Every structure is written in structure tokens, then in C-alpha cells.
Amino acid sequence: IMTMDKVVGFADLNVYKSLYQAMLKVHKEVLPKLPPSEKFGLIDQAGRASKSPCALIAEGYARRTSGKEWKKYLRDAVGECNEMIVHISMIRDLYGGVVGVGLCEELISTYNICGKQLYRLGESWNSL
């Protein structure tokens, strides 16, 4: 039996919680292991992109009464999830021996699932 938790604010959304945990993993377990030569490359790009989905959900949630605006923020968050899949794939393929291929695969899966959840949330919002 699946139960629905009551959503009082954006932080109650399961997809937000998953993305926040993924961001913490990226910043604590992945980025510190990358070489200094990536400071203005993958470290900077993945650092920003990992924070974006959470911020977009938070900002968009304030506009949820306007379905069109809310859905735009959700679409942008999906785009950031896709960007993270690319960045983490690059990290896996370039630095997997240092960062850990398994951790990268886990994060890629999380961002893939979250992107799908965000899409479905946008599609179903009017029917809620």
C-alpha cells in the first residue's frame, strides 16, 4: 500500500529530498576528489548544476498556483538533472578510479529518476 505524505512546502516533495541528498553527495564525495585542474571545469559546472534543481523547485513552488510558470521551473529542473547526468558520466569516465564508478552510477540513476519524477509532477499538477 502506497501512502501519500502531505505536502506543506517544497521541501516535502520526495523529488526535492532526493535531489538535495544527491547534491550533498556530489559536494562531499565527488567534487573534493577531482584534480585541481578541473576547478574551473567539472568542479565548477557540476557544483552549480547539482544545486540548481533544488533551487528551481523552491522558486517554482512559490508560483505553483500559475500552472504554466510552475511547469517552466520543473522543465528547467529536468534540464539541470540531464546536465548532471552528463557531468557525472564525464567524471565516471575520466576519474572513475579516483571517485568510484559505483558512486557515479548511483548518482546518474538518481538524476535520471528525479528527471522523470519532475516531468510527471508537471504533467499531473493540474489534476491534483
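Among the residues of segment 14-34, count how many are assigned to a helix (DSSP H, G or I) and either open to solvent by less than 40 Å² (accessible area, probe 1.4 Å) or touching a Pro at 6+ places or on another chain (Cβ under 8 Å) (or both). Qualifying residue count for the region: 8.
Of all the listed residues (85, 43), the sole one being in contact (Cβ under 8 Å) with a residue 24 or more places away in the chain, β-branched (Val, Ile, Thr) and part of a helix (DSSP H, G or I) is 85. Please determine, by comparing only the residues of segment 88-99 that are farther than 15 Å from residue 22 by Cβ and touching a residue at least 60 places away in the same chain (Cβ under 8 Å), which one is least open to solvent (accessible area, probe 1.4 Å). Ranking the qualifying residues of segment 88-99, first place goes to 95. Residue count for segment 100-128, restricted to those that are part of a helix (DSSP H, G or I) and surrounded by 16 or more Cβ atoms within 10 Å (Cβ to Cβ): 13. Each residue in segment 50-69 was checked for being surrounded by fewer than 20 Cβ atoms within 10 Å (Cβ to Cβ) and closer than 22 Å to residue 22 by Cα, and 6 of them qualify.
The values are calculated or read from the model by the stated rules, or taken from the named source; none is laboratory data. Computed from a predicted model, the values in this text were never measured in an experiment. Note that we place each Cβ from the backbone using ideal geometry, even for glycine, and neighbour counts take in every protein chain shown. Remember, those area values only see protein heavy atoms, side chains included, never the ligands or the DNA or RNA. Shrake-Rupley method; radii C 1.70, N 1.55, O 1.52, S 1.80 Å.
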